[in-house]
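Notes follow once the structure below has been shown.
The values are calculated or read from the model by the stated rules, or taken from the named source; none is laboratory data. For clarity, every value in this text was computed on a predicted model and none was experimentally measured. Cβ placement follows ideal geometry from the backbone for every residue including glycine, while neighbour counts extend to all protein chains displayed. Only protein heavy atoms, including side chains, enter the accessible area calculation; ligands, DNA and RNA are left aside. Shrake-Rupley method; radii C 1.70, N 1.55, O 1.52, S 1.80 Å.
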Amino acid sequence: DQLRRLKETMPEAKWHSYEAVSRDSARKGAELALGAPLELRPHLDKADVVVALDADFLNWGPASVRLARAFADRRDPATNGGTMNRLYAFEPSPTVTGAAADHRAAVASADVLLVAAALAKALKVEGAPDLPADRIQAHSAVIATLAAELEAHKGKALILVGDAQPAEVHALALAVNAALGAIGSTLDFGPAVEQGASLAELIHDVDAGDVDTLLVLGANPVYEAPADLKVAEVLTHSKLTALIHMGLYNDETAAISHWHLPEAHFLESWGDVQSSDGSIAPMQPLIEPLYQGHSTIEVLSALLGEVGVPSREVVRNYWRTKTPTATFEQTWRSALRDGVIKLPGEAAAAPTAAAPKLDKVQWPSPAAGGDDLEIVFRPDPMIWDGRYANNGWLQELPKPITTMTWENVALVSPALANRLNLQDGQIVVLDFRSSTVEAPVLRQPGQAENSVTVHLGYGRARAGRVGNGIGFNANLLRRSDAPWSSFGLALKPTQRTTQLPITQHHNKMEGRDLLRVDRVGVTPNRHEHPSGTLIPDPPVPQSEDYAWGMSIDLNRCLGCSACTIACQAENNIPVVGKDQVLNSREMHWIRVDRYYEGSDEDDPAFHFQPVPCQQCEKAPCELVCPVEATSHSDEGLNDMTYNRCVGTRYCGNNCPYKVRRFNFLGYQN
């Protein structure tokens, strides 16, 4: 009934589409170099040498899971003829991809263009810009080595550029990929998804009175938009007849809207999605909407005159027009069973692209350098742009690299911290284009010297009782002409400090020699262990039919912590909150430790070591329990009888891996 009333209140008008968040630099780069805004589809399974230019492709973007799997498959020497792929990364702040790289260089985000230009020059790419390379002089040897390796692997090399880089870098990378024979082998293209106008254009149109009714679908521009657009001010004082917000939460945008429509969760909705490789899948709900929410397609259908049509029928009616009537039901049932919608007839051919040309590219002047500071904005690895800020599991999940929880920080290089005499947890004032926020700092080995990285998604006012008031809002510093990075930051230390909820240093295991690293082609360093033990042999399994075991391939592990959150969801493990994390009482049953290797803080190697319960055959935890709550099963597992446990924590004290956890408080409250 509300949807019907909403439709009746809307005048007949021209509808226009706007994008709340634009990530189209890759498409614009393709249009510059190829003449068409195509979607790039990399094939890491065919690449022997991969270069990531500020591209966290293993952890960011719609294809990250597919790319991570393809990349990991090439990291196993046993299945690749004794060889592995090689990854070079150039980035301002350590990422999951950079940590996995064989060679990583810390460069300012603005200097990635200089790296790409130097690489293009070394490979004699036609039209490559002649940009000054003095700021990347320290990396000239790596670039020269990389150019030679790319030349030697033509047809099996690939250059990837991140969404945070401007279109010019994407265009240049396409030209380099073409020179390396990547197009058609390690890289092809798909049709670009049509996009609407930008958020900046929307705010201009609203302010000019050209928009009568604004429908915000699943977005929160009042919080997410760059500060200079003044979205809240424009929308509040505009001449809009109706401002309608649809979302899962009554968030910052909903607070100033005339209408708020409760959105059904995607697990409560019918729909369809298109993946990065072009395949189309139907969405099937797991449950009926718990709070009488509606899906986006139901709202749009209502506005088009089909009020009250269930989302399942909306989806079916659309695909009915694409399928012969006689075979529709069979096609539909097959799609639900297989998870992929296969249309009759031949699949659409992948679009072909013209040879990349750089003659239309207007190369920007190199950004300011010297001692100027660059501010770098990135989505948070766990709560992204803030849409998951009210999820306690994700707030308490240690972030890759930093292992921070429950907060965001300003990441600074050790060199900058030493120069400004900054300590971890010290509060600083970040001043960018007359906007200021206060943030605690964290020394980050591997950070570009004059780049300060802040993560989005925090400082929410209407996220919910879990996410409200946590961290600082980095969006207050963003500008629409520099959404991801820019020079011009001023950093002013204060005398105040705060404790940072970092989990890396909880349950230390010095001297355990837990992490071991060998290099391909180098004789492994075998570690001998003493054979003597005070622990008796475990019981002999009664049946040989059972052999429990789990192995973790550290060549493949990216340190993303997906295993940690999956375990938490599977076992319904509670969160304990920031104060208890500071007290070393987080409850995760598996953790991912991060280690730095090397003596140079500015250029360390990164290693990850997942640590679950080892299910020891001779388990130290079993011998010390006074009530035998811990015991060894006849199948070789370490069992726990909870109603025997009296909480002495002897087992945790005797665990060499420090994986025992105890509930100290009633966290469910």
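Per-residue ellipticity at 222 nm for the chain, helices alone: DSSP H runs ≥ 4 residues times -39500 (n - 2.57), over residue total, nearest 500 deg cm²/dmol?
Working: 20 runs with 158 residues, N = 669.
Here the helix-only value at 222 nm equals -6500 deg cm²/dmol.
Give me the dipole magnitude in Debye, nearest 20, for the chain about the Cα centre, with unit charges on the beta carbon: positive for Lys and Arg, negative for Asp and Glu.
It works out to roughly 360 debye.
What list of ³J(HN,Hα) values in whole Hz, one per residue of segment 596-606 in order, does the Karplus curve 6.51 cos²θ - 1.76 cosθ + 1.60 (θ = phi - 60°) give from phi, with Gly and Pro shown as x?
Once θ is set to phi - 60°, the couplings for segment 596-606 become 9, 10, x, 9, 9, 4, 7, 9, x, 8, 10 Hz.
Which loop-located GluC sites (Glu not before Pro) does segment 568-669 contain, where loop means any DSSP state but H, G, I, E or B and the Cβ has at most 12 other Cβ atoms within 10 Å?
E617, E628
With only Lys, Arg, Asp and Glu charged, each at its Cβ (+1 for the first two, -1 for the last two), find how big the charge dipole of segment 366-461 is about the Cα centre; round to the nearest 20 debye.
Dipole size: approximately 180 debye.
Tell me, how many Å apart are the Cα centres for segment 181-228 and for segment 299-317?
One Cα centre to the other: 24 Å.
With a/c under 1.5 counting as rounded, go ahead and sort segment 429-469 into rounded, prolate or oblate using the C-alpha gyration tensor (a ≥ b ≥ c being the square roots of the eigenvalues; past the cut-off, prolate if a/b is larger than b/c, else oblate).
Note, shape of segment 429-469 comes out oblate.
What is the chain's relative contact order, in percent, from Cα pairs under 8 angstrom and six or more apart in sequence?
So the answer I get is 13 percent.
Where in the chain is the longest stretch that carries no chymotrypsin sites (Phe, Trp or Tyr not before Pro) classed as loop by DSSP and with at most 12 other Cβ atoms within 10 Å?
Answer - 16-290.
Quote the FRET efficiency, to the nearest 0.05, computed for M283 versus N421 with a Förster distance R0 of 60 Å and r equal to the Cβ-Cβ distance.
0.65
So, counting K/R as plus one and D/E as minus one, what does the shell of residues with Cβ under 14 Å around V49 add up to?
Once all neighbours under 14 Å are counted, the net charge is +1.
Hand me the GluC sites (Glu not before Pro) from segment 213-314 located in a DSSP loop with no more than 16 other Cβ atoms within 10 Å, in residue order please.
Taking segment 213-314 and a limit of 16 other Cβ atoms within 10 Å, the loop GluC sites (Glu not before Pro) found are E306.
Can you compute 3J(HN,Hα) from phi for each residue in segment 270-285, using the Karplus curve 6.51 cos²θ - 1.76 cosθ + 1.60 with θ = phi - 60°, rounded to whole Hz and x for Gly and Pro?
Once θ is set to phi - 60°, the couplings for segment 270-285 become 7, x, 8, 9, 10, 7, 5, 8, x, 6, 10, 10, x, 9, 10, x Hz.
With a sphere of radius 11 Å drawn around the Cβ of N390, what net charge do the other residues whose Cβ falls strictly inside it have (Lys, Arg +1; Asp, Glu -1)?
Local charge sum for N390: +3.
Accessible area per residue of segment 168-301 at 1.4 Å probe, in Å²?
46
So for the chain: antiparallel DSSP bridges make up what percent, rounded to the nearest 5? Intermediate results must be reported in sequence, preceding the final value.
On the way: 39 of 73 bridges.
Antiparallel bridges make up about 55 percent of those DSSP assigns within the chain.
Strictly under 4.7 angstrom between C-beta atoms: which cysteines of the chain have no such partner?
Flagged as lacking a Cys partner: C557, C560, C563, C567, C613, C616, C625, C645, C655.
Given R₀ = 51 Å, FRET efficiency for T83-R320 by Cβ-Cβ distance, to 0.05?
Approximately 0.50, to the nearest 0.05.
Where both residues lie in segment 177-322, what percent of DSSP beta bridges are antiparallel, nearest 5?
Details: 4 of 15 bridges.
If I count the DSSP bridges inside segment 177-322, around 25 percent turn out antiparallel.
Just the number, please: carbon plus sulfur as a percent of the accessible area of segment 220-280, 1.4 Å probe, no ligands or DNA/RNA counted.
Heavy-atom surface of segment 220-280 belonging to carbon and sulfur, 1.4 Å probe: 54 percent.
Test of the criteria: in segment 77-151, which trypsin sites (Lys or Arg not before Pro) are in a DSSP loop and have at most 13 other Cβ atoms within 10 angstrom of their Cβ?
K124
Under the rule of at least 5 residues apart or a separate chain, name every residue whose amide H is placed under 5 Å from the amide H of R86.
V49, V50
Applying the Karplus parametrisation 6.51 cos²θ - 1.76 cosθ + 1.60 with θ = phi - 60° to the phi angles of segment 395-407, what ³J(HN,Hα) value in whole Hz is obtained for each residue in order, glycine and proline being reported as x?
With the stated coefficients, segment 395-407 comes to 5, 8, 6, x, 6, x, 6, 7, 6, 6, 10, 6, 5 Hz.
Going by the alpha-carbon gyration tensor, a ≥ b ≥ c the square roots of its eigenvalues, is segment 230-361 rounded (a/c under 1.5) or, if a/c is not under 1.5, prolate (a/b greater than b/c) versus oblate?
It comes out oblate by the Cα gyration axes.
Please list, ordered by chain and number, the residues whose modelled amide H lies under 5 Å from the amide H of H260; skip anything fewer than 5 residues away on the same chain.
So H260 has HN proximity to H245.
With the cut-off at 18 Å, tell me which of the pairs K28/K124; K46/K156; K578/K658; K46/K342; K124/K154; K28/K121 have Cα atoms farther apart than that. Walk me through the intermediate numbers first.
Values: K28/K124 24 Å; K46/K156 6 Å; K578/K658 20 Å; K46/K342 26 Å; K124/K154 14 Å; K28/K121 22 Å.
Cα-Cα > 18 Å for K28/K124; K578/K658; K46/K342; K28/K121; rest within.
To the nearest 20 Debye, how big is the dipole of segment 269-328 about its Cα centre, given +1 on the beta carbon of each Lys and Arg and -1 on that of each Asp and Glu?
Value, rounded to 20: 180 debye.
Which residue, chosen from H455, G425, L476, occupies the Cα position most advanced towards the positive end of the dipole of the chain, where the dipole is computed from +1 (Lys, Arg) and -1 (Asp, Glu) charges on Cβ about the Cα centre?
G425
Specify whether the C-alpha gyration tensor of the chain places it in the rounded, prolate or oblate class, a ≥ b ≥ c being the square roots of the eigenvalues: rounded for a/c under 1.5, otherwise prolate if a/b is larger than b/c and oblate if not.
rounded
Once you put a point 7 Å from the Cα of Q137 and another 7 Å from the Cα of K121, both along the Cβ direction, what distance in nm separates them?
Computed distance between label sites Q137 and K121 equals 1.3 nm.
Just to confirm a number: summing +1 for Lys and Arg and -1 for Asp and Glu over residues other than S64 whose beta-carbon lies under 12 angstrom from that of S64, what do you get?
Taking every Cβ under 12 Å from that of S64, the sum is 0.
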